[in-house]
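A short worksheet on the structure shown next.
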């Protein structure tokens, strides 16, 4: 657990585990992009560079609870591990269905490889195409959360992803149900946050129920050119992961290769009002990552470096501390 | 360097470095199949499971000298690392051409992935289809060596490979050139091993030249059911790598999944009269590999376990010790 969570509250059930923090070329034992996101009982894999199945295994993480995988784009360091993960899960008899979200083209390169194995997958596999242009929109939803695409700008079409918890219902005070003799409909209204009118009396929702923590959120932004307007789309996101392939010293190289610097990633987090920023996708040119942390923290202090095998918690925040 | 080489001679320029010794499922830090074979200045990659590029990097081995890659079959643990290796070499600006030998179907699954990168490879890439039935035949040749396919039997078409040095020319004794006033043609004949007739005198090749070591050879046999007839095709091979996914205890499972046991691999090496046997492709069911070594050595004492990052030398053998 990273120390920044201590600034907020205790360990939570909303966390990101980094499986790969390296850039396009493997170096310094930094593997290509992959992160395991856990929100309550949901587990999502975001990107799946080569070796992701080994990283999951080495860190003691099972892929079997993953029901959705989100691939940002079709550069190899973001998806070459997918076919291996799929076929290994099949060899192990997975039966839960799996959905893979990605920009156009992934299905066409994955299915021929699975066909060549001459063995049916043990589970149902579905591909969903994600738009890489236009406004961010909801592409997946459950009762507890929603996932949104986030068009980015790189050498090929790419979509980041935003994961948002939904506001949980207020917690009804049981004694008030009896006191006012509330109906099921009235209870539902209170849980939704509505005041009640009983007879001629207005009874405030605050008297009848307790607030629940505000919903948490995580955004995954990789790979991308620095896009200042992104801060608007990310406003209020709790934890932002933003690629930082280079430091400012190589800002021109970042521009040419359509990547970002650590300072640029930090500017996004600052302008979005994020609670914390996670940096990753570090170029193999850097053995020491301290310069990334230093230049980013000068812009946005609550910046952390993605380290493989580490789990980064997004804490529940009490309603009244939300604006602090 | 493995100790078995000490039984022969000093370090040589014919060696196999194991990059992955695991079976289909990653476990106990054993990676999927890949070996780097060096014969003089030639470097060949045999199989290329997921993560092979990382293994090469971690063991300080450059892929740039590799001009030929040999893939045995289209199960993922033997080739899912190929596309990553190709695209990384391209990102690094490789310009030497590369040829990939494999059973039918590889090109059709690799090229779409490279196309999706929307960036031309920096080098020329050629695919050659290798037969998986019929007799072993020469599929690649240089002045110094030849490579032969070796049809095996598994759940999908598979070819092993045999690498054979050619017999080097005898070493001419310079003083004899002057003594007999030999022509270029005569020297060439002596180097080929022929006696000379000068005037009416027959001068034996032994007097004119020194012998060179006999050619060395290596066979890679994976994945395959135990094929007793294979010993005939492998007769006299110096080093045999043969898969041993299971131990005898699970011989029935080996049969069903069309794999071999350690004892079966050892029987092949014994019947072929090999100098040494390397075992690999160990199932993830086994944490401790000692039982593989023990049961194989009971059949063929010069057996060794493939260990990742270790280099196994095939020593030059003096002519007169060849039959020992």
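Throughout, read-outs are computed from the coordinates displayed, never taken from laboratory work. All values derive from a computational prediction rather than experimental measurement. Backbone-built Cβ (ideal geometry, glycine too); neighbour counts: all protein chains shown.
Remarks
- Rounded tilt (10° steps) of B:82-91 against the dominant C-alpha axis of chain B: 70
- For chain A, modelled as a GNM whose springs connect Cα atoms under 10 angstrom apart, the maximal fluctuation among A:67, A:250, A:94 occurs at A:250.
- Segment B:3-160, relative contact order [Cα under 8 Å, separation at least 6], %: 15
- Percentage of interatomic Cα-Cα distances in the protein assembly as shown larger than 31 Å: 59
- Label zone at residue A:192, where the point sits 7 Å out along the Cα-to-Cβ direction: segment A:139-173 residues whose backbone N lies under 13 Å: A:169-170
- When the Gaussian network model of chain A links Cα atoms closer than 10 Å, the mean-square fluctuations of A:224, A:248, A:17 top out at A:248.
- Chain B gives an Rg/Rh value of 1.03, both radii derived from C-alpha positions and Rh following Kirkwood.
- Förster radius 60 Å - calculated FRET efficiency between residue A:141 and residue B:229 (Cβ-Cβ, nearest 0.05): 0.50
- Relative contact order [Cα under 8 Å, 6+ residues apart], chain B, whole percent: 19
- Estimated FRET transfer efficiency (residue B:41, residue A:307; beta-carbon r; R0 25 Å; 0.05): 0.05
- When DSSP beta bridges are restricted to pairs lying wholly in segment B:187-311, around 20% turn out antiparallel.
- Sorted shortest first, the distances from the residue A:248 label point to those of the same residue in the other copies are 7.0 nm; each point sits 7 Å from Cα along Cα-to-Cβ.
- Gain upon complete extension [residue B:167, residue B:155; 0.36 nm per residue less C-alpha separation]: 0.7 nm
- Here the relative contact order of segment A:191-324, from alpha carbon pairs under 8 Å that lie six or more residues apart, stands at 24 percent.
- Per the Kirkwood formula applied to alpha carbons, segment A:1-151 shows a radius of gyration over Rh ratio, Rg over Rh, of 0.96.
- Counting from the shortest, the label point at residue B:111, 7 Å from Cα toward Cβ, is 1.9 nm from the same position in each remaining copy.
- Computed from the Cβ-Cβ distance with R0 of 30 Å, the FRET efficiency linking residue B:108 to residue A:253 stands at 0.25.
- Selected from A:64, A:101, A:282 as most flexible by GNM, with chain A as the system and alpha-carbon contacts under 10 Å: A:64
- Rounded to 5, percent antiparallel among DSSP beta bridges of the protein assembly as shown: 55
- Take residue B:185, push a point 7 Å out from Cα through the beta-carbon direction, and compare it with the same point in every other copy: 11.5 nm, smallest first.
- Cβ nearest the rotation axis (B onto A), residue from chain B and distance to the nearest whole Å: B:51, 2
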